[in-house]
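To start, the structure itself, in structure tokens.
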Amino acid sequence: MCGIFGFASTDGRGPDLARLRWIAAETEARGRHAFGLAWVDASGAMHAFKRPGAATAALGDLDACRHAVAIIGHCRWATHGDPQDNRNNHPHPAGRGWLVHNGVVRNYAALLRRYRLRPRTDCDSEVLGLLMMRRAGTLAQRAAWAAGQTEGPLALLGLWRNPVRLVVVRRGNPLWFAHTPGGLYFASLPAGLPSQVFPVADDSVSVLRLDDGSLRHPDLPILA
């Protein structure tokens, strides 16, 4: 099942940490086997963290995101790969970025064979990052192509830097967002999100870009 959540700043400042902890705790209802994060801080540095166990056992680690301008998070319900082997947990690398995924890649084994991919984990979600590395084009094009190769409903958040970009993909699985004066918050479950909550448009791929503390989303159908 799994749950994902995220944040993108609209003013260059970090998230409301109390709100972020609440969102992570609510998201835990979709997966208690492992918890992980990736974030970019105000200096442009990328960080990642993951561990076996429930999110509520690691909410203090969200303090490290105090100055983050973009965050992605994952609460895992393991389907492929033992969560005690931390390599299987999210986030997973996607070239110079990281991604978190909610869903099961039903044709995971077939994709490994077809594209001669070399996974380093037993987790099916890793294939999405490996596929993105095989495709040329913009980040949105690469994410759309990778998702399009997979079978099964999904929701995905990805994070890259230089410039900071948050990738938002939804096909079938739930993903919601709320717009606040300080930024956009995303989650698999609407509970815990602030203000008025909207579903991310289904069958959509979007890229949010942060430039000099402002959030740009020229191709963002989630707001349509």
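The values are calculated or read from the model by the stated rules, or taken from the named source; none is laboratory data. All figures in this text were calculated on a predicted structure; none of them were measured in a lab. Heads up, the Cβs are rebuilt from the backbone with ideal geometry, glycines too, and the neighbour counts pull from every protein chain shown. Calculation scope for accessible area: heavy atoms of the full protein, side chains included, ligands and nucleic acids excluded. Shrake-Rupley method; radii C 1.70, N 1.55, O 1.52, S 1.80 Å.
Only one entry of Arg51, Arg87, Arg21 meets the criterion of being touching a helix residue (DSSP H, G or I) at 6+ places or on another chain (Cβ under 7 Å), in a helix (DSSP H, G or I) and open to solvent by 40 Å² or more (accessible area, probe 1.4 Å), and that entry is Arg21. Output yes when any residue across the range 111-126 is modelled with pLDDT of 95 or more, crowded, with 19+ Cβ neighbours inside 10 Å, among the charged types (D, E, K, R) and in a loop (DSSP other than H, G, I, E, B), and no when none is. Among the residues of the range 111-126, at least one is modelled with pLDDT of 95 or more, crowded, with 19+ Cβ neighbours inside 10 Å, among the charged types (D, E, K, R) and in a loop (DSSP other than H, G, I, E, B), which makes the answer yes.
The set of residues in the range 47-61 that are under 23 Å from Leu208 (Cβ atoms) and either over 14 Å from the mean Cα position of the chain (by Cα) or among the small types (Gly, Ala, Ser) (or both) contains only Ala48. All conditions but one from (1) free of Cβ contacts under 8 Å to residues at least 40 places away in the same chain; (2) in a strand (DSSP E or B) apply to Gly73; the one that does not is (1).
Among the residues making up the range 154-186, those that are on the phi > 0 side of the Ramachandran plot and out of contact with any Gly (no Cβ under 7 Å at 6 or more places or on another chain) are Gly172, Gly183.
Residues in the range 166-196 that are at pLDDT below 95 and open to solvent by 20 Å² or more (accessible area, probe 1.4 Å): 7 in all. Pairing each residue of the range 101-129 that is basic (Lys, Arg) with any residue that is surrounded by fewer than 22 Cβ atoms within 10 Å (Cβ to Cβ) and in a loop (DSSP other than H, G, I, E, B), provided the two are 6+ apart or on different chains, yields C-beta distances under 9 Å for Arg106/Glu151; Arg106/Gly152; Arg114/Asn107. Please work out which residue is nearest to the chain's Cα centre (by Cα), limiting yourself to the range 24-44 and to residues that are at pLDDT 95 or above and open to solvent by 10 Å² or more (accessible area, probe 1.4 Å). By that ranking, first place goes to Trp39.
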